[in-house]
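Input: a single structure, listed below in structure tokens.
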Amino acid sequence: MAGSIPPANGQGARFGRKKGQRKKPRKPRSNAGNSVPSGSAGKTQPPASRGGGEFDAIAAMPAASAPATATAPAPLPEQSCPEQSHAEHNPTAPSRLGPWQKPLPHYRQAYAAIDLGTNNCRLLIARPSGEHFVVIDAFSRVVRLGEGLAQTGRLSDAAMDRALAALHVCADKLRKRNVHLARSVATEACRRAVNGQAFIDRVLEETGIHLNIITAQEEARLAVLGCHILLEQGTGPAMIFDIGGGSTEMVLVETGETVPRILDWQSVPWGVVSLTESIGAIDDHPQARAAAYAEMRRRVDEGFADFCERVSPMRNAARGEGRIRLLGTSGTVTTLASVHLELPQYDRRAVDGLVVPAESMRDISRRLATMTPAERIALPCIGRERSDLVVAGCAILESIIDIWPADRLGIADRGIREGILRSLMAIGADPRSPKRTEAA
């Protein structure tokens, strides 16, 4: 629970610069997250549809046993992604300990992950606990950073101001919690926007937080690393997906004793924000709502068409043996699971790890698509904040269920942030890794 464990006193310097101290000018940083490793999935796909090919196994789990280096927050056993070629430790984290200060043991160190997406800004701060971790602080705010991006190709001033306000809150929490290591990532909105890197530079200047624009490949890998433990037991391939604000990733994995191996993956630039904005305003009558939903389905199906064809042999084999598994992580699936449970308000404890009939999720999706905006707003777990975006999420979810038609759908209220935390804790647990906390 946020705030349940106080930070340790006197361990490490406070982060950020002192009041009145001028910040040294920095050279512009390259966009380390916009290239895909050679020979990896997605290198031949156009920006609108990334994926394909064989993808390295994700970092070993649990975090304490994962391989770790000082320069890669979550190294792959065979090949690291280029955006990890330098330490992704937040410059707002405490500076190196002085010679008179005794470092905290690994299990008492605080680690932080920030995920700035197209729709939300999320922070998670945790401490290791055996093979897992205990959350000591969290923050989430809808910022709609990608609002208007589909029309202009730019992040708007209003959207950047909303995101910056949320990131200032994150920076304050990082300081108060004496965070040992932190990694902060930005995803599709900053990847696509022509002023994405300029916004990243502004965030660093105003908050001290160094956001790394990660590739769709890295986004998929972190999501899998963060939620795969919720996959139902079984053998053979399973599908994990993440419906975001600006993009959706589908990842085909083969499960093993410890970690899944990623067999294939695809990212399309259709998330709940980008797909909603691409359709535009919808007239408030049943025929218009039905036509808009059908068009959303068509666009998502088209984006995943190549991926669907590639995974069809494994899908058919898994269906024939009755062992097809599906796990989703996103606001869409957690919201629809809440509607399925008829919760009066969202309850993570009831939703995270839940397994629901896929047809129930499909039925809810179609019902929401036919509702008026006022009817969706009236639903307790949707409300005004999600009412205009949930229909696009429903369209994406239905397409995913068509591609990987499991009977049951696992629900995960975890993903990128948890994947980052496990990666960072792997570094902290490795005695060979220098405990650096500033950006390299």
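The values are calculated or read from the model by the stated rules, or taken from the named source; none is laboratory data. Bear in mind the structure is a predicted one, so any value in this text is a computation, not a measurement. Cβ sites come from the backbone with ideal geometry, for glycine too, and all protein chains shown count toward neighbours. Please note that ligands, DNA and RNA were not included when accessible areas were found on the heavy atoms of the full protein model with its side chains. Shrake-Rupley method; radii C 1.70, N 1.55, O 1.52, S 1.80 Å.
Does Ala406 meet the test of being open to solvent by less than 10 Å² (accessible area, probe 1.4 Å) and either free of Cβ contacts under 8 Å to residues at least 40 places away in the same chain or not in a helix (DSSP H, G or I) (or both)?
Values: open to solvent by less than 10 Å² (accessible area, probe 1.4 Å): yes; either free of Cβ contacts under 8 Å to residues at least 40 places away in the same chain or not in a helix (DSSP H, G or I) (or both): yes.
Here the answer is yes, as Ala406 does meet what is asked.
Of everything in the range 197-224 that's of a type in the set (S, T, N, Q) and farther than 30 Å from Val253 by Cα, which residue is surrounded by the fewest Cβ atoms within 10 Å (Cβ to Cβ)? Applying the filter and picking the extreme gives Gln197.
All of Leu145, Leu123 fail the test of being at pLDDT 95 or above, part of a loop (DSSP other than H, G, I, E, B), under 24 Å from Thr248 (Cβ atoms) and open to solvent by less than 10 Å² (accessible area, probe 1.4 Å), apart from Leu145.
When you go through Arg386, Arg315 one by one, which is the residue that is within 24 Å of Arg298 (Cα to Cα), open to solvent by 30 Å² or more (accessible area, probe 1.4 Å) and touching a helix residue (DSSP H, G or I) at 6+ places or on another chain (Cβ under 7 Å)?
On the way: Arg315 fails: touching a helix residue (DSSP H, G or I) at 6+ places or on another chain (Cβ under 7 Å).
Answer to the check: Arg386.
Could you tell me whether any residue of the range 238-260 is over 30 Å from Met314 (Cα atoms), crowded, with 24+ Cβ neighbours inside 10 Å and either touching a residue at least 40 places away in the same chain (Cβ under 8 Å) or of a type outside the set (Lys, Arg) (or both)? So far as the range 238-260 goes, no, none of its residues is over 30 Å from Met314 (Cα atoms), crowded, with 24+ Cβ neighbours inside 10 Å and either touching a residue at least 40 places away in the same chain (Cβ under 8 Å) or of a type outside the set (Lys, Arg) (or both). Among the residues here, Thr332 does not qualify as more than 30 Å from Arg108 (Cβ to Cβ), in contact (Cβ under 8 Å) with a residue 40 or more places away in the chain, of a type in the set (Val, Ile, Thr) and touching a Pro at 6+ places or on another chain (Cβ under 9 Å). Looking only at residues of the range 178-196 that are farther than 15 Å from Leu421 by Cα and touching a Pro at 6+ places or on another chain (Cβ under 8 Å), we find that the one that is surrounded by the most Cβ atoms within 10 Å (Cβ to Cβ) is Glu188. Could you list all residues from the range 332-351 that are among the β-branched types (Val, Ile, Thr) and either touching a Ser or Thr at 6+ places or on another chain (Cβ under 8 Å) or open to solvent by 50 Å² or more (accessible area, probe 1.4 Å) (or both)? Residue satisfying the conditions is Val351 alone. Summed over the range 246-260, the residues that are out of contact with any Asp or Glu (no Cβ under 7 Å at 6 or more places or on another chain) and of a type in the set (Gly, Ala, Ser) give a count of 1.
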